[in-house]
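Trainee: Dropping a structure here in structure tokens format, bear with me for questions.
The values are calculated or read from the model by the stated rules, or taken from the named source; none is laboratory data. This is a predicted model, so every value here is computed, not measured. Cβ: placed from backbone, ideal geometry, glycine included. Neighbour counts: every protein chain shown.
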Amino acid sequence: MLYARLITMRLFKAVIVLFMIVIFNFCLIQLAPGDPAAILAGEAGATDEEFLRQLRERFGLDQPVYVQLWRYISGIATLDFGYSYRQQVPVLDLIMARMPATLLLTGTAFVLSLALGIVAGAMAAARVKKPSGSLIMALALVFYATPLFWVALMAVVLFSVTLGWLPAYGMYTVGAGHTGLALALDVGKHLVLPATTLALFFMAIYTRMTRASMLEASQQDYVKTARAKGLAPRVIQRRHILRNALLPIITLAGLQAGQMVGGAILTETVFAWPGIGRLMYEALQQRDYNLLLGIFFFSAALVIVFNIITDLVYRLADPRIKEGS
Amino acid sequence: MKTPLAAAIAAAAMFGTTAVIAEEPKSGGTIDTIIQPEPPGLVLGMIQNAPTRTVAGNIYEGLLRYTTELEPQPQLAESWDVSDDGRTWTFHLREGVTWHDGEPFTAEDVVFSADVFHRELNPSARAVLQHIESIEAVDEHTVEFTLSEPFGPFLISFEAGTFTMVPKHIYEGTDFRDNEANNHPIGTGPFKFDNWDRGTVIQLVKNEDYYEEGLPYLDGINWHIIPDGASRAVAYENGTMDVLPYGTVENFDIPRLTEMDNTCVTEAGHEYFSPFAMLWMNNREGPTADKRFRQAVMYAMDREFARDVLWNGLGNVPLSAFGSNARFQNDDLEPYDHDPERARELLDEMGYDDEEVRLLPLPYGETWTRWAEAVQQNLREVGINVTTEATDVGGWNQRLGDWDYDMAFTYLYQYGDPALGISRTYLSSNIERGSPWNNVEGYENERVDELFNEAATAFPDEEREALYREVQEILHEDVPVGWLLELGFPTIYRCDVKDLVTSGVGVNDGFKDAWLDR
């Protein structure tokens with residue numbers, strides 16, 4: 001099987017890349033100013049030498065850097081990512097607890113932006129030089145250029161404060177005790193604002209890219225041939241133009257998908273969505289290095305996985321692409 | 001000048017004292033409030049940072065509680081007495097108290113908590129423990145503390161956050177930090193831990209077996225976790241939250257929120273901590289090493305302006321090193337009023353040559369950034385060449401710990417007694433690299449050391465008072481640090497939440513007495 005060989009090769013390379021990323025991240029963090037023990041002590045508002053010594057010893061910060069690195073790498077080999085300094089909980093537990101919330105948010109935003117972006121882009125391409133096409137492009141430009149946090153805040157002001165339609169923050173209604181379908185509906189309601197906010201920016205990019213690459217594809221000879229054959233314009237749009245215009249969109253979608261774990265810091269913060277992005281931001285602020293390294297690891301792993309998937313999807317979308325070519 | 005908010009609080013305080021014709025409290029209802037930032041854990045005694053204290057102060061208790069005048073009140077100890085030499089303190093514990101898991105609370109728990117648990121884990125308790133020779137359980141409900149010498153602040157150290165009572169039957173013989181029970185804290189307090197959905201909410205429920213008859217009135221408390229300041233303000237505006245504790249919204253949002261209907265605000269409940277904002281000035285090198293320069297800084301700053309504009313008129317401009325809530329304040333000292341002319345004279349006298357001075361703002365949000373800008377402007381007006389250098393919390397800690405600054409903002413708790421919260425900033429024995437909370441400015445004065453050390457162990461209080469008055473005169477002249485403001489942190493709440501703040505640490509243990517008039 002060609003695919004099997006391709007995937008094995010890619011996975012082998014991925015392990016090497018991941019290993020290098022781990023070492024690189026570790027060294028990068030050593031360069032950052034700020035001693036985790038001092039920050040923990042600082043947060044406590046009171047400290048003495050004994051307290052600092054206990055903390056450093058507990059987290060192995062009293063060891064030379066190469067010993068720390070060795071311990072860290074051998075830990076990862078057994079899927080042990082160490083303890084969070086601040087929360088005193090295994091890093092893996094923290095990340096796994098936050099992962100579903102983040103994947104729900106970024107996954108919804110991904111599907112939403114991709115689907116709506118391609119539809120809007122295709123519509124704009126079909127309505128070139130018409131006012132409706134220009135309107136779509138103008139909107140896309142606005143969403144592309146507006147800062148995410150501002151859109152988020154304005155959405156909260158309009159839909160939560162003024163209209164009262166949607167909850168402003170959180171993932172579910174605390175204390176309501178919903179289960180089953182009611183819980184799913186509740187989470188869905190909480191999901192609308194953050195997912196839409198997050199989707200807008202990428203949607204704008206997909207729209208612009210779909211339109212541009214469809215317009216380019218529509219100049220090709222095979223489109224003229226298709227027209228000459230007397231095919232309906234709709235069929236030409238869908239089967240001949242859109243399909244050929246898809247490759248750059250797949251590239252971009254692969255990039256976006258790779259960012260799904262760590263790419264929603266702002267949205268998660270504004271909407272109090274309990275995901276990985278917030279965890280990462282807090283870990284950075286508190287110099288919670290083990291936690292930070294753990295999140296880096298998962299983000300990197302996800303980027304690699306989606307790169308592989310993207311390559312496979314290329315082959316599905318365009319059978320002309322073969323291994324090695 | 002009083003701002004409208006400050007005036008409203010003052011009026012409410014007066015009204016509060018005249019309207020104590022007690023209404024009949026109603027039972028039931030759940031409070032929704034906010035905790036910011038999310039605490040790292042809830043085992044008080046193991047973790048003492050502000051958010052942990054605020055949530056866990058309702059789960060755990062200390063032997064004593066303190067009024068807003070810092071008078072000790074019975075809590076887990078029913079009564080206490082002291083020997084004539086001030087060295088032996090006996091606490092009589094309340095009977096019939098149980099832990100949340102049903103086990104009885106006894107004198108053994110007190111001995112274990114103080115002598116074993118806190119001695120190992122808790123730096124602020126260690127500061128008191130070094131004066132204690134032995135702790136013994138006389139019988140099941142009596143504990144005797146023997147001090148090596150009288151220690152002035154002894155009786156004020158039993159607040160829940162400092163000397164939390166932890167259950168011996170759960171922790172004895174285990175690795176305290178790895179104990180499974182840390183995920184489900186067990187205390188004696190009015191509320192029990194129920195659930196913590198990290199990043200979303202911490203839920204406490206009523207302790208049905210609480211030893212004080214009828215208390216608590218509330219069925220539970222939901223502490224929501226909302227990382228963004230604007231979203232926290234919205235959560236109050238749209239009616240979800242009943243209470244906004246200190247530090248949950250930016251200062252510039254406060255006037256807007258307090259103008260809402262059914263909204264009350266109070267500054268009370270911080271008396272024990274009495275947060276004191278200061279300006280570290282590096283006494284070791286540069287212009288700040290000169291006493292006249294530091295005095296000039298005090299004259300140059302318009303502290304009333306900072307309070308009225310940046311802090312909504314809340315708080316108090318301090319006279320000197322001892323705040324207004326501190327015991328033994330010497331109020332005969334001449335205040336450092338805003339006097340730019342006097343500041344310029346002092347700078348001329350020392351021959352200040354325009355050398356650059358680096359100022360680190362406190363990285364705790366917008367108000368502190370603006371405050372640094374205001375001070376910078378004040379200092380430039382008298383001819384001081386100031387530049388501000390922004391850092392994040394980690395960088396700020398490190399630079400202060402390494403003494404790599406000229407001036408820096410901070411604020412410190414005073415813990416009710418000069419020997420706990422004030423002397424630590426000025427004692428030369430407290431100069432040590434690596435911590436931003438000790439004698440960071442590097443001030444050394446033998447007489448000051450002597451006076452502080454003597455005063456800590458002098459007995460009775462009249463002896464202490466004389467020593468502390470003298471030390472304040474020296475500090476007032478030397479200005480080791482700048483005294484900026486005794487901060488007023490408002491608690492914003494719906495007016496139908498009653499009896500919310502009833503003690504000197506009311507922000508942390510207030511829900512015990514609170515009830516909903518709905």
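Trainee: Taking the condition surrounded by fewer than 18 Cβ atoms within 10 Å (Cβ to Cβ) and touching a Leu at 6+ places or on another chain (Cβ under 6 Å), does A:Leu166 pass?
Mentor: yes
Trainee: Scanning region A:256-271 for residues that are within 14 Å of chain B (Cβ to nearest Cβ) and surrounded by fewer than 24 Cβ atoms within 10 Å (Cβ to Cβ), which turns out farthest from A:Leu114 (Cα to Cα)?
Mentor: Result: A:Thr269.
Trainee: Of everything in region B:350-384, what is of a type in the set (Lys, Arg) and touching a strand residue (DSSP E or B) at 6+ places or on another chain (Cβ under 9 Å)? Give them in sequence order.
Mentor: Once the filter is applied, which keeps residues that are of a type in the set (Lys, Arg) and touching a strand residue (DSSP E or B) at 6+ places or on another chain (Cβ under 9 Å), region B:350-384 yields B:Arg358, B:Arg380.
Trainee: Could you tell me whether B:Glu149 is part of a loop (DSSP other than H, G, I, E, B) and modelled with pLDDT under 95?
Mentor: Yes: the conditions hold for B:Glu149.
Trainee: What about A:Asp48, is it charged (D, E, K, R), surrounded by 14 or more Cβ atoms within 10 Å (Cβ to Cβ), within 14 Å of chain B (Cβ to nearest Cβ) and within 22 Å of the chain's Cα centre (by Cα)?
Mentor: No, not satisfied.
Trainee: Hey, among B:Asp253, B:Asp308, B:Asp242, B:Asp228, which residue is buried (at least 17 other Cβ atoms within 10 Å of the Cβ) and not assigned by TED's automatic domain parsing to the domain that holds B:Cys495?
Mentor: That would be B:Asp308, the only listed residue that is buried (at least 17 other Cβ atoms within 10 Å of the Cβ) and not assigned by TED's automatic domain parsing to the domain that holds B:Cys495.
Trainee: Among B:Val265, B:Val205, which is the only one that is closer than 30 Å to B:Glu71 by Cα and more than 14 Å from chain A (Cβ to nearest Cβ)?
Mentor: B:Val265
Trainee: I want to confirm something. Restricting to region B:332-362 and keeping residues that are assigned to a helix (DSSP H, G or I) and basic (Lys, Arg), which single residue is nearest to the chain's Cα centre (by Cα)?
Mentor: Applying the filter and picking the extreme gives B:Arg342.
Trainee: Quick one: in region B:430-453, of everything that is charged (D, E, K, R), in a loop (DSSP other than H, G, I, E, B) and away from chain A (no Cβ under 14 Å), which residue is farthest from B:Ala277 (Cα to Cα)?
Mentor: That would be B:Glu444.
Trainee: Regarding B:Ala296, is this residue in contact with a strand residue (DSSP E or B) (Cβ under 9 Å, 6 or more places away or on another chain) and under 23 Å from B:Glu441 (Cα atoms)?
Mentor: Considered against the rule, which asks whether it is in contact with a strand residue (DSSP E or B) (Cβ under 9 Å, 6 or more places away or on another chain) and under 23 Å from B:Glu441 (Cα atoms), B:Ala296 comes out as no.
Trainee: Moving to a separate point now. Got a number for residues in region A:272-306 being within 14 Å of another protein chain (Cβ to nearest Cβ), touching a residue at least 60 places away in the same chain (Cβ under 8 Å) and more than 29 Å from A:Val161 (Cβ to Cβ)?
Mentor: Selection size over region A:272-306: 9.
Trainee: Here are B:Thr369, B:Thr391: which of them is of a type in the set (Ser, Thr, Tyr), away from chain A (no Cβ under 13 Å) and either without any contact (Cβ under 8 Å) to a residue 24 or more places away in the chain or more than 27 Å from B:Ala160 (Cα to Cα) (or both)?
Mentor: Exactly one of B:Thr369, B:Thr391 is of a type in the set (Ser, Thr, Tyr), away from chain A (no Cβ under 13 Å) and either without any contact (Cβ under 8 Å) to a residue 24 or more places away in the chain or more than 27 Å from B:Ala160 (Cα to Cα) (or both), namely B:Thr369.
Trainee: Moving on to the next point. Would it be correct to say that B:Phe193 is more than 14 Å from chain A (Cβ to nearest Cβ), touching a residue at least 60 places away in the same chain (Cβ under 8 Å) and part of a strand (DSSP E or B)?
Mentor: Yes.
Trainee: Just give me the residues in region A:59-89 being without any contact (Cβ under 8 Å) to a residue 12 or more places away in the chain and within 11 Å of chain B (Cβ to nearest Cβ), in sequence order.
Mentor: Scanning region A:59-89 gives A:Gln88, A:Val89.
Trainee: If you go through region B:103-139 one residue at a time, how many are touching a residue at least 60 places away in the same chain (Cβ under 8 Å) and either farther than 18 Å from B:Glu159 by Cα or hydroxyl-bearing (Ser, Thr, Tyr) (or both)?
Mentor: Matching residues across region B:103-139 total 4.
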